[in-house]
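The values are calculated or read from the model by the stated rules, or taken from the named source; none is laboratory data. Being a predicted model, the structure only gives us computed values, none of them experimental. Cβ sites come from the backbone with ideal geometry, for glycine too, and all protein chains shown count toward neighbours. Ligands, DNA and RNA are stripped out before the accessible areas are found, and what is left, the full protein with its side chains, is counted by its heavy atoms. Shrake-Rupley method; radii C 1.70, N 1.55, O 1.52, S 1.80 Å.
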Amino acid sequence: MIKARILIPYVSWREGRPRFNPGPAQRRLGFVSQDLRHGPEGPWYSIAETEAFMQPVVADILKCRAAKAAGKRLRPRAKAPALTIGDLLTAWYAQHKAAPSSMETYRKRAFLLRSQPIASLPVAAVKTADCHTVYRELVAERGLHTARGAIAVLSNAFAYGLRQGVEGIAYNPCLRLGMAAPAPRVRALSIAEVNQWVEACDLIGRPEIGDSIMLGAYTGQRQGDRLALLDRGRDDAGRLVFEQAKTRAIVAIPPAPALTIRLEAAKARHALAGIKGGHVVLDEQNGRPFDRGWYGMLIRETRAAAHAGIPADFGGWLLRPMPGLNDKDTGLPRDQDLRDTAVTWLARAGCTVPEICAISGHSEASVYQILKHYLAPHPELADNAIAKLARWQEKQAHEDDSKLHPGTERLIEQAREVLKGLDESIYDTKNNLRLLIDRYNQQTPGWIGRELHNGDLMARLSNLEWERDKASEALGDLVAFGQVVIVIEPGEAMHLIKDFLKGPNDDSD
């Protein structure tokens, strides 16, 4: 049996387990023996991984050997300190790219992790149990949301280390920790709550905040997108067209009447104040786009006014308090709740999930998550469903008509022709009756009065209408049951019509 030998300089193999074994000369220069594996208990390096690891090491050894041969004095190599979790977080954050608000969130979470004992551990020594300990302690100290956010940052840092081939990182120990999922915060405002909040904005002199609230409740656009929208008028279909200031993306939204009125009023205010720039929502006190922090403070201020009410100077209320605005489960509404509000309103109006996504920009999964919390409390959703079922059944009934026996289909067509003829005759009869009244009432008022008194003309018109009702009833029975119950003969109906149209001077009348 032939055994293959793996020849990599300074590496010994023990039943497939590679180990770096420098000689005495190399050890005097600071090279240290070590097992070549992924972490203290991780899998061993493959042949390719071992070659990749040893290439810079062998190059360094050769460099030292050449320097010694040239008579240079070599200093022993200082042992490189082990890379810690704190170092890994710093390296990950330095290369990560995201929106400024997101980067600030990541910075705070990384700072929180650096205050934990795990930050001083070498990356190669960290195990899943260590990450789970951090998670449990943060849940107890800071809550579930903060703990999950911190672990997410640590997981991203380990993923970065794996991509970069950082020594000692063989896997991501943050995966599959069994973390609890927080209950989703879903808060949809009622129409009355939105109106209360908007009215509070107007009364305290911040109508532009009311504009943003209306835009969020009727379109579901995110706060950042609303604050960056530029007004671009309307398209050929009458939709409101906006352009996002940063991305230049075009957003076309069918106008709701209440939103249209609100935005037109905002344009009028801007024009009166001489504000230019095209932003749909901006700080009308300085004419510039909102700073996110300042906007958030105004949201909280107007929300508090909507909840507590606004008293009048001489007693009473300009805006009565709305205690119910402070929901017992979710508290006072937030700006991001306007997206849930838009989804819920659209669903209650009978929109489908794809239609909702086309307006708000949600994913279908997000829409289903939101609606799951609001289907039961709103019976009109069930009403919409039953109405759609009824329309479908009616459509199916009409489709079933075409599947009747061919003989029955011919009878249906004949009955419809009778109805059409009767409808036309009744229409003509009424016109003739009106013309006869106009014509003869002035010339021979006594005659037309006697005719009407005797009921001859009206009786004939009544007979025609009776025939029409019976024919319509027969047609309905025919369609419903496939049986003909028509009692009116076309010849008889036309005979009565012709007899009436002879006029009052005809001897045969």
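Each residue in region 301-319 was checked for being exposed (fewer than 12 other Cβ atoms within 10 Å of the Cβ) and of a type outside the set (Gly, Ala, Ser), and 3 of them qualify. Against the numbered list (1) open to solvent by 70 Å² or more (accessible area, probe 1.4 Å); (2) farther than 30 Å from Pro182 by Cα; (3) not hydrophobic (A, V, I, L, M, F, W, C), Asp329 comes up short only at (2). Per the conditions (1) open to solvent by less than 40 Å² (accessible area, probe 1.4 Å); (2) over 22 Å from Ala349 (Cα atoms); (3) out of contact with any strand residue (DSSP E or B) (no Cβ under 9 Å at 6 or more places or on another chain); (4) small (Gly, Ala, Ser), the sole criterion not satisfied by Gly278 is (3). Remark: Ala271 falls outside the filter, which requires a residue to be crowded, with 18+ Cβ neighbours inside 10 Å and more than 30 Å from Asp313 (Cα to Cα). For region 63-104, filtered to residues that are hydrophobic (A, V, I, L, M, F, W, C) and at pLDDT 85 or above, the residue that is nearest to the chain's Cα centre (by Cα) is Met103. Considering (1) within 30 Å of Thr146 (Cα to Cα); (2) touching a helix residue (DSSP H, G or I) at 6+ places or on another chain (Cβ under 9 Å); (3) without any contact (Cβ under 8 Å) to a residue 60 or more places away in the chain, the lone condition that Ala183 does not fulfil carries the number (2). The condition of being modelled with pLDDT of 80 or more and buried (at least 20 other Cβ atoms within 10 Å of the Cβ) holds for only one of Gly210, Gly205, that being Gly210.
Here Gln221 clears all of (1) at pLDDT 95 or above; (2) in contact with a Phe, Trp or Tyr (Cβ under 9 Å, 6 or more places away or on another chain) except the condition numbered (1). Scanning region 282-300 for residues that are farther than 23 Å from Ser190 by Cβ, in contact (Cβ under 8 Å) with a residue 60 or more places away in the chain and surrounded by 14 or more Cβ atoms within 10 Å (Cβ to Cβ) yields Leu282, Asp283, Glu284, Pro289, Phe290, Tyr295. Name the residues in region 332-362 that are open to solvent by 60 Å² or more (accessible area, probe 1.4 Å) and outside any helix (DSSP H, G or I), would you? Of everything in region 332-362, those that are open to solvent by 60 Å² or more (accessible area, probe 1.4 Å) and outside any helix (DSSP H, G or I) turn out to be Arg334, Gln336, Ala349. Within region 142-171, residues that are over 15 Å from Lys127 (Cα atoms) have Cβ atoms under 6 Å from residues that are at pLDDT below 90 and not hydrophobic (A, V, I, L, M, F, W, C) in these pairs: Leu144/Pro182; His145/Pro182, counting only partners at least 6 apart in sequence or on another chain. Based on this model, can you work out whether Ala252 counts as within 21 Å of the chain's Cα centre (by Cα) and open to solvent by 40 Å² or more (accessible area, probe 1.4 Å)? Against the criterion (within 21 Å of the chain's Cα centre (by Cα) and open to solvent by 40 Å² or more (accessible area, probe 1.4 Å)), Ala252 qualifies. Counting just the residues of region 97-116 that are in contact (Cβ under 8 Å) with a residue 40 or more places away in the chain and not hydroxyl-bearing (Ser, Thr, Tyr), which one comes out nearest to Val134 (Cα to Cα)? Among those that are in contact (Cβ under 8 Å) with a residue 40 or more places away in the chain and not hydroxyl-bearing (Ser, Thr, Tyr), it is Leu113.
Across region 178-188, the number of residues qualifying as modelled with pLDDT of 90 or more and surrounded by 18 or more Cβ atoms within 10 Å (Cβ to Cβ) comes to 0.
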